[in-house]
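Accompanying notes for the structure given below.
No lab work stands behind these numbers, since they all come straight from the coordinates. All figures in this text were calculated on a predicted structure; none of them were measured in a lab. For neighbour counting, all protein chains shown are included, and Cβ atoms are generated from backbone atoms with ideal geometry for every residue, glycine included.
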Amino acid sequence: MSENKSSSVPYSVLDLAGVRHGYDIADAFKNSVSLAQHAEKLGYNRYWLAEHHNMISVASSATSALIGHIAGHTNAIRVGSGGIMLPNHTPLIIAEQFGTLATLYPNRIDLGLGRAPGTDQLTAYEIRGERFHSPQHFPQDVRKLQQYLGDDNYDNKVRAIPGEGTNVPIWILGSSTESAHLAASYGLPYAFASHFAPNYFFEAIEIYRKNFRPSNVLKEPYVLSCVNVVAADTDAEAERLSTSLKILFSGIVTNQRRLLQPPIDSMEGVWSDMEEAAVEQMLDFTFIAGPDKLKEQLQSFLNHTKVDELMVTSHIYDHQARLRSYELVAEALKG
């Protein structure tokens with residue numbers, strides 16, 4: 001393993017189609033297209049969107065539709081889900097949706113799967129109805145999806161049309177150790193949500209690597225880690241921009257969710273000591289820096305974790321500043 005891992009590590013984007021204070025959802029979608037096109041030019045590997053519901057600051061609830069929109073406005077970058085919350089759907093429906101996407105955009109679509117609801121329990125019940133306890137069927141549903149998308153389902157009484165034979169790459173997403181065991185036993189790539197759930201990250205990837213069983217889609221373990229980055233031309237400007245992220249996460253902690261807010265000069269007096277501690281713990285893998293410090297921090301993270309791919313999410317209010325942040329990440333990781 002090379003001591004300097006950044007030169008060999010692909011870098012990707014996680015987008016939630018964030019809705020900003022003073023702007024609407026249509027603006028969020030336009031910015032997602034703009035960022036995807038920008039990321040493609042910068043050499044980013046993937047552009048993933050995440051399924052969430054009943055959150056006013058997140059507009060990626062119809063994830064499959066938005067994936068198609070992004071893929072249609074880009075040329076080569078892989079586009080996918082980070083993830084689809086599979087218990088919210090039946091495997092057949094997801095196979096048909098992603099089979100359609102893979103047919104429209106060959107060799108460009110990824111299917112990341114999670115078992116969490118992507119929302120609160122009341123909303124999850126509205127989505128799932130009588131299937132409310134479907135998360136316990138997650139392992140079996142992943143297998144069903146593999147069958148529907150594979151080459152050998154043609155003589156089954158239930159077939160995914162489109163979908164069959166597309167073999168859309170499936171990823172297991174997780175924020176706990178349970179998902180690590182599943183990804184390892186199925187021989188699938190593993191994406192960890194270290195951008196908001198850092199506590200189990202090292203334990204989970206150790207379990208995954210140690211217990212990995214080679215499959216017909218993956219011979220060796222493959223770990224993708226998602227982190228928060230707020231980068232700017234100076235450390236001070238990055239700190240100022242990061243207040244939007246901290247206000248957003250503070251709202252999650254206090255259950256007082258708001259649209260993404262403009263940055264402020266200081267968080268002093270905005271949050272309590274308890275809120276600050278909770279947010280800082282959630283943001284353990286968050287890099288807020290100018291170019292030199294960013295390169296040093298990302299290099300240290302890659303050398304320490306030995307992850308195979310780094311995914312970046314950036315909650316930055318000003319769109320041009322967000323684009324610049326992704327430029328700085330690309331520059332840091334290219335060497």
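Summary table below
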{"item": "Degrees separating the helix 273-282 axis from the principal Cα axis of the chain, which is the longest one", "result": "50 degrees"}
{"item": "Length-normalised contact order of segment 227-273 in % [C-alpha pairs under 8 Å, at least 6 apart]", "result": "34 percent"}
{"item": "Check: the chain dipole with +1 on Lys, Arg Cβ and -1 on Asp, Glu Cβ, in debye", "result": "900 debye"}
{"item": "The chain: most fluctuating residue of 276, 268, 203 per GNM, C-alpha cutoff 10 Å", "result": "268"}
{"item": "Amide H contacts under 5 Å for residue 81, placed H, 5+ residues apart", "result": "49, 110, 111, 112"}
{"item": "Simple spin-label estimate for residue 33 and residue 143 in nanometres, 7 Å along Cα-Cβ", "result": "4.3 nm"}
{"item": "Angle in degrees between helix 63-72 and the longest Cα principal axis of the chain, rounded to the nearest 10", "result": "80 degrees"}
{"item": "Lysine pairs with alpha-carbon atoms under 18 Å apart, segment 182-335, spacing 8 or more or separate chains", "result": "7"}
{"item": "Prolate/oblate/rounded call for segment 134-241, Cα gyration tensor, a/c under 1.5 rounded", "result": "prolate"}
{"item": "For segment 100-106, 3J(HN,Hα) per residue [Karplus equation, 6.51 cos²θ - 1.76 cosθ + 1.60, θ = phi - 60°, Hz, x = Gly/Pro]", "result": "5, 4, 5, 6, 6, 10, x"}
{"item": "³J(HN,Hα), Karplus 6.51/-1.76/1.60, whole Hz, each residue of segment 184-201, x for Gly, Pro", "result": "5, 5, 8, x, 10, x, 10, 10, 10, 7, 6, 6, 9, 10, x, 4, 9, 4"}
{"item": "Listed residues 112, 129, 83, most fluctuating in the chain (Gaussian network, C-alpha, under 10 Å)", "result": "129"}
{"item": "Eligible lysines near residue 157 by straight Cα distance, threshold 25 Å, same-chain separation 8 or greater", "result": "144"}
{"item": "Residue 61 long-range amide H proximity, modeled H, under 5 Å", "result": "52"}
{"item": "Folded to 0 to 90 degrees: helix 319-333 orientation relative to the chain principal axis, Cα", "result": "80 degrees"}
{"item": "Gain in span if fully extended, residue 254 to residue 304, counting 0.36 nm per residue against the direct Cα distance", "result": "14.8 nm"}
